[in-house]
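Comments concern the structure below.
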Amino acid sequence: MTTTELSNRSDPIVVFTDLSVELTGYDRVELAGTGLIEQHYDTLLRLIGEREAGHLLQAAAEALDADRKNHNGEALRTRVIESKLYGPVIISLIKLWYLGSWYPLPGSYADVNGSTAGDVEHVVSAQAYREGLVWSAAGAHPMGAKAPGWGSWAEAPALPSA
Amino acid sequence: MHENLVTVSGGKSGSMKTTGTQTGGVQPSGGGKEHFDIVIVGGGIAGATVAKTVIEQAATRSPARHPRILILEAGRATAMSADKYDTYVQSYQQALAKVPNSPYPPTVSAPQPDVLDISRPVMGEDGTTKIPADNGYFVQMGPLPFGSDYARALGGTTLHWLGTCLRLLPNDFRMDTEYGRGVDWPITYDELKPYYERAEWDIIGVSADVGHQYYPGIGGDPAKYFKSKNTGKFPDGVYHFPMEEIPSSFLDEYLAKKSAGLVVTLKGDLGREYTFPIKISNTPVGRNSTPTPGYQPVGAVGNADQGQRCEGNSSCIPICPVQAKYNALKTLYELIVKYPDREPREGEKEKARVAVRSQCMASNVEHTQLPKKQGTVTGITYLKYSDDGSPPVRATVTADVYVLAANAIENATLLLASKAANSSGEVGRNLMDHPLLLTWGLLEDNAGAYRGPGSTSGIPAFRDGPHRSERTAFRVEIGNWGWNFPENAPYDTVHDLVGGAGTGTAQLYGRALRKRLGEILPNQFRIAWELEQDPEPTNRVTIDERYKDSLGMYRPVIHYDLSEYVRASLPWAAEASRQLFERLGIGAEVRRPEYKPGDYTHWDANDPSAVTYDGQTYWVRGAGHVVGTHRMGEDPEHSVVDGYQRSHDLPNLFIVGCGSMPTLGTSNPTLTMTALAIRTGDHIAAQLPTHTAAQPKEKKDA
Ligand SMILES: Cc1cc2nc3c(=O)[nH]c(=O)nc-3n(C[C@H](O)[C@H](O)[C@H](O)COP(=O)(O)OP(=O)(O)OC[C@H]3O[C@@H](n4cnc5c(N)ncnc54)[C@H](O)[C@@H]3O)c2cc1C
Ligand code: SF4
């Protein structure tokens, strides 16, 4: 992403990135490093529907703006995370970033908003698995990828600073 | 003996499940029967070891003998090049449930058991099976489901083994004499020792340090237990492994420090007290490390530079991405590269020839045996399938020597289907595994979980001793992958922390979530208490007309339970764990979704593998150690094969694999099985008739 794009706060993918930063506790550079921002954005649109994703990102953009002014995360928490409408999607989105898998939205959500064919538990892609944030949060590496090298497991563990 | 042929076409197909593209008809292949020196059924480590050993030993005969060998493999030809192998790694990464068979999809025609299919049959009041659990490949008759799987693909189950390579202890070979339990083996530890050395050096490639093997029952001196007779290779008999030990994990060292000096005390029958000094011991393993002089590690198939040393991918089960861990493809690859199945080219010296045919399901052992009499094997019939809509093609091949190496359970079903080699009535019986009890806790400190090979150390203290006359021995494996096995972590840890299942609101997110995960995940640890199972004739694999697969092969029908002798060790393992956790400062009982240092062990009664003993519920898991269905022994009335794994009934048939082991001990069985297969290979090489298959002196046709 270029600087102009980044500064364009209404661009949905920028909103998606900013929202992801708040949800995961990983900064923009770390998330970009996974190479997954666009893939996860597309996955969200595909799995909850473009209209619903549009509403979510609109609400998120407004909340993030408010939080920027007030220097806290209150608006995001009360208007998005604790929202009946968006809350369940937020849970799936956090897990998508952390685990690389999509976890389906609850029945009560689908009753109101309908569901897409893809809204079932699945590993989104091998890359999404490998880049799951849970591994670095644990100070480890994904099982079966990004081998840390011979003998690394004997060394004292270190957590990357959060 | 054509009446023994499994009929797949025609009238009998009514009992057959037809799936997918399978048409059910079988085309006979045209022409006469092909003849080989040796036909081997099964392209796993057992078959590969016999092939390699026979070839190398027969070449040293005078005059040299260069056999032509056919290996029939039921599954698909797994990747024999690095790029194709990568697709299996991808398949693992994309699998939702990362179970042992997840990277290796079965074919329609060669189904395989899967741990996801384990469910419990419904038993009647009288102890008989009311409703078998037959949702997977196995037909589980109970009372307990058999909890292990295997892979049906070229390379076999070592594709997804962990690679632990412990030798048996001397007393494991004489359980009856020493403890009045089980049976004695027809061979001793000392007799098998040279073959252990060859298995460690020539087939698997084992990394370990002799000095760090603190086993009971070896007189306190590992150097003596490992002392070699091969003084040419090991001056003064001072044995060393081909590679240095794989470093112990930080977790191992942490536990060693915390448990230093701990002596576990357990109460036995009649108030007898047993004490076990706890010492953490680095585990020998078939995983590449720094070579010792004279050894060259074997890297990835088709890309030898890769996998020269373990890189800490932490996915040995189910797939080592770089093939630092041994798998049987390595041995098979060596064979097909060194001994291609073709006439020698101009100027080339004559050498052995190996043909590997995948998607060839052995369906019948043709033979002349009459009930209670000896006979001869006259051919192996197999079905070559393509799963492309065309029917499988049936063919029969002949050989001077036949070898079954299809894994303990498949060897048994094949023999039972063929009504072969079973005068003793022991085929399929004495099925054993290491029922595995898990205990797990959250440590007070960051011990660096989720790093390194699945396990690097264990606690050998309980593997031998006088307690074995009243209850079974057990091995203790320390796991490096947190709660991956008992609690599906890190997935379930994330679910717990994010929460919101009922409310639709995430409880924890952002930096707080990231931080909390860092406080919990690296502190998770688990121990597997792997119990020795004793041989019982009622634990058995049988076949039944009602249960066949899409090719018309009999599916394994399994009766399985744990004896009183095994069950009596469940409370012992649980108590030993309690004493250890207490010492680690995590004695307090805690349950998810709460997270604080403590003992998280719990066994729910509704688990398919729940076992009760003395009013307490435990669960056991399968260890993947499928053993004992064609036991070896001197007496043909009570055993299927002799000490060379030769069938008592059919002297030109060798039945190899873990199925031959009369008792299990507490070692993972593959190293011992490989040593036995080398011994068998030597024996076959010495006995092969002097003509070669290419130019048979006599026409051997049935
Ligand atoms: C999860 C797991 C972890 C394990 N970890 C360890 C460990 O750490 N240490 C250890 O010692 N052991 C371990 N084991 C056990 C080990 O994998 C087996 O003991 C070993 O692979 C057995 O070798 P085998 O050649 O006899 O059988 P397999 O490896 O199963 O090979 C048999 C071959 O025969 C083929 N076949 C089957 N039926 C037919 C037929 N009808 N016709 C033709 N071919 C056929 C199969 O497709 C397969 O290729 C583990 C097992 C599992 C499941
Ligand atoms: S830790 Fe990794 S590199 Fe090492 S053997 Fe296991 S999977 Fe292979």
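The values are calculated or read from the model by the stated rules, or taken from the named source; none is laboratory data. What you see is a predicted model; the values in this text were computed from it and never measured. Heads up, the Cβs are rebuilt from the backbone with ideal geometry, glycines too, and the neighbour counts pull from every protein chain shown. Ligands, DNA and RNA are stripped out before the accessible areas are found, and what is left, the full protein with its side chains, is counted by its heavy atoms. Shrake-Rupley method; radii C 1.70, N 1.55, O 1.52, S 1.80 Å.
Data table
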quantity: Alpha-carbon Rg with Dmax, taken over chain B, Å; calculated: 25.1, 81
quantity: Segment residue B:119-residue B:638, length gained on full extension (0.36 nm per residue, minus Cα span); calculated: 183.6 nm
quantity: Heavy-atom accessible area order for B:440, B:619, largest first, 1.4 Å probe; calculated: B:619, B:440
quantity: 25 °C / 0.890 mPa s Stokes-Einstein diffusion coefficient of the stretch B:228-385, Kirkwood radius on C-alpha pairs, µm²/s; calculated: 114
quantity: Cross-link table B:325/B:351; B:224/B:279; B:98/B:548; B:384/B:548; B:227/B:279; B:193/B:372, entries beyond 26 Å C-alpha to C-alpha; calculated: B:325/B:351; B:98/B:548; B:193/B:372
quantity: Linear extension gain, residue B:86 paired with residue B:265, 0.36 nm per residue minus alpha-carbon span; calculated: 59.6 nm
quantity: Exposure rank, largest accessible area first [A:83, A:136, A:108; 1.4 Å]; calculated: A:108, A:136, A:83
quantity: Nearest-0.05 FRET efficiency for residue B:304 and residue B:108, computed from C-beta distance (R0 35 Å); calculated: 0.55
quantity: Cα-centred dipole magnitude for the stretch B:260-382, charges only on beta-carbon of K, R (+1) and D, E (-1), debye, nearest 20; calculated: 280
quantity: Chain B - share of DSSP beta bridges that are antiparallel (%, nearest 5); calculated: 65
quantity: Distance histogram in 10 Å bins (all Cα pairs of the stretch A:3-130, percent per bin); calculated: 12, 47, 34, 7, 0
quantity: Extreme residue, positive dipole direction of the protein assembly as shown, given options B:66, B:674, B:449 (C-beta unit charges); calculated: B:66
quantity: Cα centroid of the stretch B:530-596 to Cα centroid of the stretch B:358-434, whole Å; calculated: 29
quantity: Between 0 and 90°, nearest 10: helix B:570-583 axis offset from chain B longest Cα axis; calculated: 50
quantity: Residue (of A:29, A:78, A:57) at the positive-pole extreme of the stretch A:3-130, dipole from beta-carbon charges; calculated: A:78
quantity: Set of lysines with alpha-carbon distance to residue B:330 below 19 Å, sequence-local pairs under 8 removed; calculated: B:52, B:84, B:338
quantity: Positive-end residue of A:144, A:19, B:150, charge dipole of the protein assembly as shown with Cβ unit charges; calculated: B:150
quantity: Sites matching trypsin sites (Lys or Arg not before Pro) across the stretch B:554-595 that sit in DSSP coil, with at most 14 neighbouring C-beta atoms within 10 Å; calculated: B:591
quantity: Cα-based shape type of the stretch A:82-158, given that a ≥ b ≥ c are square roots of the gyration tensor eigenvalues and the cut on a/c is 1.5; calculated: prolate
quantity: At most 10 other Cβ within 10 Å, DSSP loop - trypsin sites (Lys or Arg not before Pro), the stretch B:212-320; calculated: none
quantity: Helix axis angle, A:37-48 relative to chain A longest principal axis, alpha carbon, degrees; calculated: 50
quantity: Net charge dipole size for the stretch A:3-130 [Lys, Arg +1 and Asp, Glu -1 on Cβ; Debye, nearest 20]; calculated: 120
quantity: Alpha-carbon Debye profile of the protein assembly as shown, log10 I(q)/I(0) at 0.05, 0.09, 0.10 Å⁻¹; calculated: -0.30, -0.93, -1.12
quantity: Relative contact order %, chain B, counting alpha carbon pairs below 8 Å whose residues are six or more apart; calculated: 22
quantity: The stretch B:592-702: Cα Rg divided by the 2.2 N^0.38 Å rule of thumb; calculated: 1.72
quantity: Dipole magnitude of the protein assembly as shown about its Cα centre (Cβ charges: Lys, Arg +1; Asp, Glu -1), debye to nearest 20; calculated: 1320
